[in-house]
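A quick write-up on the structure given underneath.
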Amino acid sequence: MATTQLSAGTATANRTGLYLAVLQLAFTLGWTTYVIYLPKLAAEVGIAPSAVILILMLDQAIFTIADTAMGIAADRLAPHVGRLGLFVGLVAAISCGAFVALPFVAGVGAAAQVWFIALIVVWSITSSALRAPPLTLLGKYRARPQVPFLAALAMLGYGVAGAVSPYLGVVMREHDARLPFVISSVVLLLTALGLSRIEHDVARDTSPPTPAEAAKPLGLVPIIFIVAMVALALGFQLHFAMNSAPSYLRFARPDELPWLMPVFWIGFNIAMFPASLVVKHRGGLIVMGAAGLLGAAAIAAAELAGSLNTLIAAQFLAGAAWGCMLMSAVSAALAIGSTGAEGKVTGLVFSALALGTFARMAAVAGGLQKMPDYVPLLHWAPVACWSVAGAGLLVIAAARLQGGAHLKASAGE
């Protein structure tokens, strides 16, 4: 009987991870579709091309606030089985409705400019319900040893979307926006509506979560963890989104970029699962810190690469390091928030990712990449971000391990 229950619990856990992977994949591909078509849609309503980057920055600013707010809401709803799924489903319906409406409203012309911006704001706020809240299921219901593997499975959707995004940009750019917006919204909504079923299955096979505690101020470790996450996110954005394409163009033609850029994401997807075993036994902070230092070395190798093959290898290793960091960050957030604040801390992780994206976009909007005095800074800033954050996380992890050893010693264990 115990073996049967264990097998059922494992199967449900795997389904949960796959569900979260599909959800992240659908959402990230939807975001990619939005970014591809936004310049064209904005032009249809009379928004200047130079203002598109400001709209994207507005999105990231909203994500920075809304991701944490949605995580806090998830903490309050998760103890009541079914409510979290209902909440995510309802908010996802609003989000998808606003998203589908964007190309149709844009077709009206300049008279619909205010409505177009309003829909973007509604979509940005509500789409935050599709990131941190579903991941709280892992922290609320799953035994801690299961979390790293399931976090890796969930982040696989994010990595696969990153790998296929360059191809989408090539294939979709000249097509009408309405059909891609409708298809991505339908897939995302159907996936989101499945959360209630997943939630009931998880609750059936595991012990119920503890009631949510009253909100407490974050301690020193969570604050350092989030600050480090901001630095890691900024390093990723500067390296991949700003520096990778120019690095490849030193050795390759522009039409080869769609085949070269996914190398980073291949490393991302491959490395997460072996790293999840280390997280299971050693904790997320240690893996985050070590991956930060290794990733900094890989970025430095990419900057100094003298051939295309060397650059490809360095990009693969940098992507592998980022995969380890992001998977470990989700695992660490769920562990740090294990007293009833899983959603809050996980939401802060996604807020950190949005803040890093906002900072990169601000750099682009400010034209820093075109200023000769700032080019070396932009190229080596990712190395600094990842190495400093990685070293800091290792110090915190070592201090926590030492504190745990002292506590056991004082208890006579």
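The values are calculated or read from the model by the stated rules, or taken from the named source; none is laboratory data. Bear in mind the structure is a predicted one, so any value in this text is a computation, not a measurement. Neighbour counts run over all protein chains shown; Cβ positions are idealised from the backbone, glycine included. Remember, those area values only see protein heavy atoms, side chains included, never the ligands or the DNA or RNA. Shrake-Rupley method; radii C 1.70, N 1.55, O 1.52, S 1.80 Å.
For the reader, a short list of remarks on this structure follows.
- Shown for the stretch 16-214 is the translational diffusion coefficient from the Stokes-Einstein equation, using the Kirkwood radius over Cα pairs, a temperature of 4 °C and a viscosity of 1.567 mPa s: 74 µm²/s.
- For TYR374, the solvent-accessible surface with a 1.4 Å probe is about 100 Å², rounded to the nearest 10.
- Relative contact order of the chain, taken over Cα pairs closer than 8 Å and 6 or more residues apart, is 26 percent.
- Comparing mean-square fluctuations of MET288, MET327, MET57 from a GNM of the chain with C-alpha springs under 10 Å, the top value falls on MET57.
- Inter-site label distance for GLN402 and ALA252 at 7 Å from Cα along Cβ, in nm: 4.4
- Selection from LEU285, ILE120, LEU58 lying farthest towards where the dipole of the chain points positive, charges on Cβ: LEU285
- Helix-only CD estimate at 222 nm, as mean residue ellipticity for the chain, using -39500 (n - 2.57) per DSSP H run (n ≥ 4): -27500 deg cm²/dmol
- Positive-end ranking of ALA161, LEU393, TRP265 along the dipole of the chain, with charges on Cβ about the Cα centre, is headed by LEU393.
- Pairs of Lys residues in the chain are counted when their Cα atoms are under 29 angstrom apart and they lie 8 or more places apart or on different chains; the count is 10.
- Extended-chain gain in nm, criterion 0.36 nm per residue less alpha-carbon gap, VAL221 and ILE94: 42.1 nm
- Net charge in the neighbourhood of SER128 (other residues with Cβ under 11 Å of its Cβ; Lys, Arg +1, Asp, Glu -1) is -1.
- Unit Cα scatterers, Debye sum, the chain: log10 I(q)/I(0) for q = 0.10 Å⁻¹: -0.68
- Sequentially through the stretch 232-247, phi angles give Karplus couplings (6.51, -1.76, 1.60; θ = phi - 60°) of 5, 5, 5, x, 4, 4, 5, 6, 7, 6, 9, 9, 5, 4, x, 5 Hz, Gly and Pro residues having no value and appearing as x.
- With protein chains left intact and a 1.4 Å probe, residues in the stretch 16-214 average 40 Å² of accessible area per residue.
- What a 1.4 Å probe finds exposed on the chain is 71% carbon and sulfur by accessible area, rounded to a whole percent.
- When +1 charges are put on Lys and Arg Cβ atoms and -1 charges on Asp and Glu Cβ atoms, the dipole computed for the chain relative to its Cα centre reaches about 600 debye.
- ASP373 exposes around 130 Å² of accessible area when a 1.4 Å probe is run over every protein chain in place.
- Here the Gaussian network model covers the chain, with springs between Cα atoms less than 10 Å apart; of GLY367, GLY343, GLY157, GLY367 fluctuates the most.
- Between VAL395 and VAL35, the modelled label-to-label distance comes to 3.3 nm, taking each label 7 Å out from Cα in the direction of the beta carbon.
- GNM result for the chain, Cα springs below 10 Å: residue of LEU257, LEU137, LEU393 fluctuating most strongly: LEU257
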